[in-house]
Every structure is written in C-alpha cells, then in structure tokens.
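Working notes, beginning with the structure itself.
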Amino acid sequence: MAISFTRSIIARLEKEIADIEAFVREQRTKREKSLAKISQLQRDQKASQSASDLSSKISREIKLKKDIERINALLTQSSKQLKEKQALLAQQRLKVNE
C-alpha cells in the first residue's frame, strides 16, 4: 500500500480521535452540570413550601437523572470507539515505519 494512502488514513484517524475526545469532554461537562443541578434541586426540595413546587423539583430531578444515564451510555460507546480508532491508528503507524 502506498505511504501517501496510509498517511491519509492516519490523518483521518487522528481527526476522528480528536473529535471523539472533544465529544467526551463535552459530555463529561454536561454530566457534571447535571449532577450539580441535581444536588441543588435536592437542597431546594427540603425547603419547598408547596406540594406543586416539590413535585416540580422532583420531576426535574428525574429528568436530569435520565439525561445522566443517556450521557453515561454515550460515554461508554465513545470510549469503545476511541479504543478501536487508537488501535487502528497504531496499526497504520506501524505500516508507515516498516
């Protein structure tokens, strides 16, 4: 296989890895913000005066927990993709060095 072809594959893999890493950072930030919101909601629930206010805060907490579950699933999937891409990149780099 031509070295230029292998180098283009390497460049593409490096870009894909960078994109996945950026996505992971973004999702982790979202997860941390959601966890902080949940903590705040739990504190606010203790101070809730009305039943409707408490119900609203509980509903928001449930929604945030579902979002965190979704984010965790995305992070797991992204981690697998990242490992696969890194393995492919290592293989391609070996080809260039041969």
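The values are calculated or read from the model by the stated rules, or taken from the named source; none is laboratory data. Note that this is a predicted model, so its numbers are computed, not measured. With ideal geometry, Cβ positions are generated from the backbone for all residues, glycine too; neighbour counts draw on all protein chains shown. These area figures cover heavy atoms from the full protein model, side chains too; ligands, DNA and RNA do not enter into them. Shrake-Rupley method; radii C 1.70, N 1.55, O 1.52, S 1.80 Å.
Of all residue pairs spaced 6 or more apart or on separate chains, those with beta-carbon atoms under 9 Å, a first member in region 67-86 that is in contact (Cβ under 8 Å) with a residue 12 or more places away in the chain and a second member that is of a type in the set (Gly, Ala, Ser) are ASP67/SER34; ILE68/SER34; ILE71/SER34. Could you check region 28-72 and list, in sequence order, the residues that are open to solvent by 60 Å² or more (accessible area, probe 1.4 Å), of a type in the set (Ser, Thr, Tyr) and under 14 Å from the mean Cα position of the chain (by Cα)? The answer is THR29, and nothing else. Among the residues of region 1-52, the ones that are touching a residue at least 12 places away in the same chain (Cβ under 8 Å) and among the hydrophobic types (A, V, I, L, M, F, W, C) come to 12 in all. The residues on offer are GLU21, GLU69, and the sole one that is out of contact with any Leu (no Cβ under 8 Å at 6 or more places or on another chain) and of a type in the set (Asp, Glu) is GLU69.
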